[in-house]
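Asks: One structure is given below, represented as structure tokens, and several questions about it will come after.
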């Protein structure tokens, strides 16, 4: 689901090579050559490129077929041409709201992104403008959203009762990820954790919905 983003235990050069392989495959529909990898990643020696590729193969990030010139394949990747790139804007708190700018997704630019398999996207969301946020906290664990997961959201300012939304509370200068409920004279931001209490917002307070969650990408734990 999530592809070659900040793989644990990799150095900066390893990660750059993985990202280039992924982006090259998306554009050209086939893997890059050793020389093309070297040119993009500022490695003048093909033997050095092979050294890094050997390490990536040993770490389980790629597979190699040395009998052909472009015999590099990313492990656990979606089929080439079946990927949708989503900008990762930053961190959203799934716990008690925390002050901005540390969690203000408006303050982030799309310097990072994740690749999502189109086959995993809800049909009605394909082709839409979407954005991603990394979850911090455990208030949504009963909704299968854990600390370190990635949530994919569609931008919206409206929500129905029960929608999981990213909310900016400008009067409090805070952001949070919660289930949204509109009550008679207030809004209720409901966690999915029985140990945590809901947050109540008076209707005269400012509450700005930034996006509705349409998909969750689980954090994968690696064990040595």
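The values are calculated or read from the model by the stated rules, or taken from the named source; none is laboratory data. On a predicted model such as this, the values are computed, not experimentally measured, just so you know. Please note: Cβ atoms are built from the backbone with ideal geometry, for glycine as well, and neighbour counts cover all protein chains shown.
Asks: Does residue 103 count as closer than 23 Å to residue 164 by Cβ, modelled with pLDDT under 65 and surrounded by 18 or more Cβ atoms within 10 Å (Cβ to Cβ)?
Replies: The answer is yes for residue 103.
Per-residue answers, yes or no, for (1) at pLDDT below 85; (2) closer than 30 Å to residue 167 by Cβ:
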site	(1), (2)
7	yes, no
11	yes, no
33	no, no
44	no, no
62	no, no
74	yes, no
78	yes, no
91	yes, yes
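Asks: Right, another one. Show the residue pairs that are 6+ apart or on different chains and have beta-carbon atoms under 6 Å apart, the first residue being within region 165-177 and buried (at least 19 other Cβ atoms within 10 Å of the Cβ), the second being at pLDDT below 85 and part of a strand (DSSP E or B).
Replies: 176/93
Asks: Restricting to strands (runs of 3 or more DSSP E) lying wholly in region 127-224: which have 2 or more residues that are farther than 30 Å from residue 61 by Cβ? Reasoning before the result, please.
Replies: Values: elements: 131-136, 150-155, 164-169, 174-182, 186-190, 199-202, 208-217.
Here the list reads 150-155, 164-169, 174-182, 186-190, 199-202, 208-217.
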